[in-house]
1. Say R0 is 45 Å: what FRET efficiency, to the nearest 0.05, do B:K22 and A:A60 get from their beta-carbon distance?
2. Within 10 Å, count the other beta carbons around each residue, average over each peptide in A:219-226, A:133-140, and list them highest first.
3. At a Förster distance of 35 Å, what's the computed FRET efficiency of B:L50 paired with B:A139, Cβ-Cβ distance as r, to 0.05?
4. Once both labels are modelled 7 Å past Cα along the beta-carbon direction, what's the B:V39-A:H73 spacing in nm?
5. Could you tell me which of B:V39, B:I122, B:L73 has its Cα farthest along the dipole of chain B towards the positive end, charges placed at Cβ (Lys, Arg +1; Asp, Glu -1), taken about the Cα centre?
6. Can you give the accessible area buried between chains B and A, summed over both chains, with a 1.4 Å probe, in Å² to the nearest 100?
7. Sort A:R250, A:R267, A:R131 by accessible area with a 1.4 Å probe, largest first.
8. Please compute one quarter of the surface area of the Cα convex hull for segment B:31-163 and express it in square nanometres.
Amino acid sequence: MAYHSGYGAHGSKHRARAAPDPPPLFDDTSGAYSSQPGGYPAPGADVAFSVNHLLGDPVASVAMAYGSSIASHGKDMVHKELHRFVSMNKLKYFFAVDTAYVAKKLGLLVFPYTHQNWDVQPSRDVPVPPRQDLNAPDLYIPTMAFITYVLLAGMALGIQKRFSPEVLGLCASTALVWVVMEVLALLLGAYLATVRSDLSIFHLLAYSGYKYVGMILSVLTGLLFGSDGYYVALAWTSSSLMYFIVRSLRTAALGPDNMGGPAPRQRLQLYLTLGAAAFQPLIIYWLTFHLVR
Amino acid sequence: LELGINFDHIWQKTLTVLHPLKVADGSIMNETDLAGPMVFCLAFGATLLLAGKIQFGYVYGISAIGCLGMFCLLNLMSMTGVSFGCVASVLGYCLLPMILLSSFAVIFSLQGMVGIILTAGIIGWCSFSASKIFISALAMEGQQLLVAYPCALLYGVFALISIF
């Protein structure tokens with residue numbers, strides 16, 4: 001079987017290559033593909049290789065090789081499509097955070113009133129990552145807050161009735177729909193007001209995702225302290241969130257335009273920012289009150 | 001007769017999970033092996049079955065989604081990339097303390113205060129060792145808590161399935 005011997009030779013080449021350094025047991029998949037720009041290795045190959053020892057039967061190993069090549073082919077196709085829509089480097093910028101930044105940002109979301117300097121550091125070539133600039137938006141906090149909110153909602157509903165994993169799926173899809181609708185509304189508003197700024201869709205996603213932190217806090221206090229605690233927490237987090245968004249977006253949206261924009265356009269942008277901010281407590285209330293019945 | 005399953009490596013990785021305070025070696029995750037995690041997943045499902053919860057499909061579904069999510073997050077957060085097999089392998093190994101929890105749930109019910117404290121402790125243990133292995137293998141500094149939090153969410157869902 002020519003195919004099998006070819007595959008076997010491939011395997012022995014791996015063994016020969018492994019001899020100089022301390023023998024790794026399976027293939028080092030993450031290292032082998034580092035030359036690729038995206039660095040996405042296909043794990044199908046090493047699993048196939050290790051299972052090959054179990055299957056002495058040549059036909060099965062042929063099938064395994066074919067299957068793994070199809071798997072890696074499919075994976076490459078998925079990555080190519082993904083790269084066409086989402087630029088990985090721009091997305092990576094939003095996740096370059098560390099623990100100190102996250103802690104300070106969460107503190108800022110809950111108590112923004114004493115923060116003095118809201119300007120994002122000016123970008124020369126590459127925007128300053130959130131690690132070094134507290135005012136830069138990030139996507140880690142909104143993503144984690146969203147997932148935590150879904151789990152918390154599932155748990156809250158489960159405490160009231162019986163917990164079942166279908167409830168989790170329902171909460172997840174509801175919240176996702178709301179996120180999509182809000183981002184679309186913000187995009188529409190920005191387009192109509194012809195806001196010319198560097199607010200990409202990821203910025204909008206980040207700022208609209210920050211309210212999930214407030215939602216989580218409100219639901220938690222509602223669960224712990226009853227519905228009075230819920231309304232107190234709701235009022236506090238809504239007001240701090242509104243303050244936070246207005247201060248951050250004012251510098252981000254109006255910054256580059258400050259010199260040349262005509263007055264009515266600036267006022268329109270201000271109204272847009274205020275409207276977006278005022279919209280947040282409504283959404284927070286809408287998405288959480290049924291959890292703290 | 002070489003089966004391609006190195007018991008010594010599996011044992012080494014298991015020890016790393018079981019000693020959460022010991023610093024992990026970054027190179028142990030160079031070999032992606034799914035045999036250990038498979039065994040742990042099956043053991044977890046078996047203990048759930050013993051406790052009377054026939055929710056095996058949910059365990060698989062949630063672990064698949066969770067692995068996918070961790071894979072995307074780690075690729076976005078680290079400088080070097082990470083392979084899906086590596087993520088699945090680490091998460092599967094750190095499921096070991098969760099098996100202890102679900103075997104407890106067979107005998108005692110976990111819905112009291114003791115159960116909640118025990119569950120919280122075990123979730124913390126799992127996520128701490130998972131994040132420790134991830135940051136040593138991917139050389140991410142200052143992000144251990146950030147990696148531990150999504151792991152805690154994932155293991156929290158598993159714990160929810162064990163409790164309720």
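The values are calculated or read from the model by the stated rules, or taken from the named source; none is laboratory data. Computed from a predicted model, the values in this text were never measured in an experiment. Don't worry about glycine lacking a Cβ; one is built from the backbone with ideal geometry, like all the others, and counts go over all protein chains shown. Just so you know, the surface numbers come from the protein's heavy atoms only, side chains and all, with ligands and any DNA or RNA stripped out. Shrake-Rupley method; radii C 1.70, N 1.55, O 1.52, S 1.80 Å.
1. 0.65
2. The densest-packed peptide leads the list: A:133-140, A:219-226.
3. Once rounded, the FRET efficiency stands at 0.30.
4. The answer from the label model is 3.6 nm.
5. Farthest towards the positive pole: B:I122.
6. For B against A, buried area totals roughly 3100 Å².
7. A:R267, A:R250, A:R131
8. 7.4 nm²
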